[in-house]
Amino acid sequence: MGAAPGAGPGPGTDRAGDRGRPVRLAPSDVLRLGLLGIRTRRMRAALSALGISIGIATLVLVTGIPASSRQDLNEQLSALGTNMLRAEPQPDQKPPVLLPEEASRMVARIGPVTHASEVANTHALVRRSDRTDPNDGLGLTVLAARTDLLPAVNGKVRSGKFLDSSTQTFPTVVLGYQAAARLGIPRLVPGQEPPQVIIGAKWFTVIGVLDPLPLAPDLERSVLVGWPAAKSQLHFDGHPTVIYVKAREDAIEAVSSVLPDTLYPQLPGLVQVSRPSAALAAKRATDSTFSALFLGLAGVALLVGGIGVANTMYISVLERRREIGLRRALGANRGQIRAQFLTESVALSLLGGVAGTLLGVLTTLGYATYQGWPPVIPLPSIVAGTVGAVVIGMAAGVYPSVRASRLTPTEALAAA
């Protein structure tokens, strides 16, 4: 009787040097034999792979959707200033504390600090016209501002533009949201003559109006002048009064503790630093919370899928006893039978795992987009889906493959 394709000569052949040597199959032959059962029983294989697919898709969904929701929540909390600090001298000090002129540059050298900027009170009064009461400043503050102030306070320009290197030296101003309303300049109209305000005895041209600043409401009632212009036009002494700092969230407390020593090392107690936003604690709690219930559901789904694969492989062994007996009679040893059915089980689970991963990713992307969340697909869930499918396939195929390998040729052919 001839040998099975790919099986080579049996252990009982008389070929020189091969007597008693076990039959060897190339990996491609093992894979081809393993896929044979899937190709010949496609509907059953598809239903079994579907169980794995549902489990893997559930795993991706229950990690991806909460991760996308958490990312959206974190972005909203970050907008509340979780990484922002404000440093200024203690009020009502006699004599007043003067922060160094290079304060923002000193703070920027602190390792975890990502951005630092500053403003200074010029103690000047602003008016809409030179015909109004010179002592009525409308409750507004005229501040000298750096050109990099907006990123430090998450600010945006409503109309016009902010101070830059080309305008900070000239008599130009940017109005805070409430300051613009009180001065009767809610926005700038392109193509029209820009309005002017008078500060002290000098006229300044309005070049921009800011949006509301929830992180720095004091700036909404301010008129911002370029730092060099404040020195030349308003006799500003160059000492900042408020430092706005952004730092890494994981080091925000450490930065807060060293700010006073950095800004005023001779008497750090005279510098007050705002407490980190309460939203930071909420954000950290959100990051550390994960739904164990959802992970448990994913585990149950994977278990059900694995049982389905094991059942399919067991039935496959019972249905293919004639094939097993014939292959044993043609010289296939137990190891090859085990490899065939184990390969089939792993391939079946892997196909289901890939399909489930793809389904879970697409569903997560669609749901996150529908909700307006930033889509987040955790890489560990994708890796876990693929690796988990292989592990499930191996576990599900162990018993059926061992049972198949223990069938003797006579048992398999007689029971067929």
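The values are calculated or read from the model by the stated rules, or taken from the named source; none is laboratory data. Quick caveat, the model's predicted, so the values are computed rather than measured. Positions of Cβ are backbone-derived with ideal geometry, glycine not excepted, and every protein chain shown enters the neighbour counts. The protein model used for the area step is the full one, side chains on, heavy atoms only, and it has no ligands, DNA or RNA in it. Shrake-Rupley method; radii C 1.70, N 1.55, O 1.52, S 1.80 Å.
When peptides 85-97, 344-356 are ranked by their average number of other Cβ atoms within 10 Å per residue, the highest-first order is 344-356, 85-97.
Largest to smallest in accessible area, the residues H123, H239 fall in the order H123, H239 (1.4 Å probe, all protein chains included). Working from the Cα coordinates of the stretch 211-273, the gyration tensor eigenvalues give, after taking √(5λ), semi-axes of 26, 19, 10 Å in decreasing order. If R0 is 41 Å, what FRET efficiency do you get for L270 and D130 from their C-beta distance, rounded to 0.05? Plugging the Cβ-Cβ distance into 1/(1 + (r/R0)^6) gives 0.55. Label-point separation (nm) for Y399 and T363, each offset 7 Å from Cα along Cα-to-Cβ? If labels sit at Y399 and T363, their model points lie 2.8 nm apart. A probe of 1.4 angstrom, applied to the heavy atoms of all protein chains, finds Y177 with accessible area near 90 square angstrom. Annotation note: GluC sites (Glu not before Pro) in the stretch 87-193 located in DSSP loop regions with a Cβ neighbour count of at most 15 within 10 Å are E101, E102.
Put M43, M84 in order of accessible area, largest first, 1.4 Å probe: what do you get?
Descending accessible area places them as M43, M84.
Taking all protein chains into account, the per residue accessible area for the stretch 340-415 stands at 49 Å² (1.4 Å probe). Note on V383 and N121: with the Förster distance fixed at 60 Å, the Cβ-Cβ geometry gives a FRET efficiency of about 0.60.
Each principal axis of the Cα cloud of the stretch 129-202 was taken in turn, and the coordinate range along them, longest first, works out to 35, 27, 23 Å. Counting Cα-Cα pairs of the stretch 363-416 in 10 Å increments starting at 0 gives whole-percent bin shares of 19, 23, 20, 15, 12, 9, 2. Mean sequence separation of contacting Cα pairs (under 8 Å, at least six apart), scaled by the length of the stretch 139-204, corresponds to a relative contact order of 27 percent.
Relative to the current alpha-carbon distance between D261 and Q93, full extension at 0.36 nm per residue lengthens the span by 58.7 nm.
Over all directions, average the projected area of the Cα convex hull of the stretch 24-175 and note it in nm².
21.1 nm²
From most to least packed by mean Cβ count within 10 Å, the peptides 215-222, 48-55, 62-69, 315-322 give 48-55, 62-69, 215-222, 315-322.
Annotation for the stretch 341-371 versus the stretch 152-219: alpha-carbon center distance of 54 Å. The Rg/Rh ratio of the stretch 136-255, with Rg taken over Cα atoms and Rh as the Kirkwood radius over Cα pairs, comes to 0.98.
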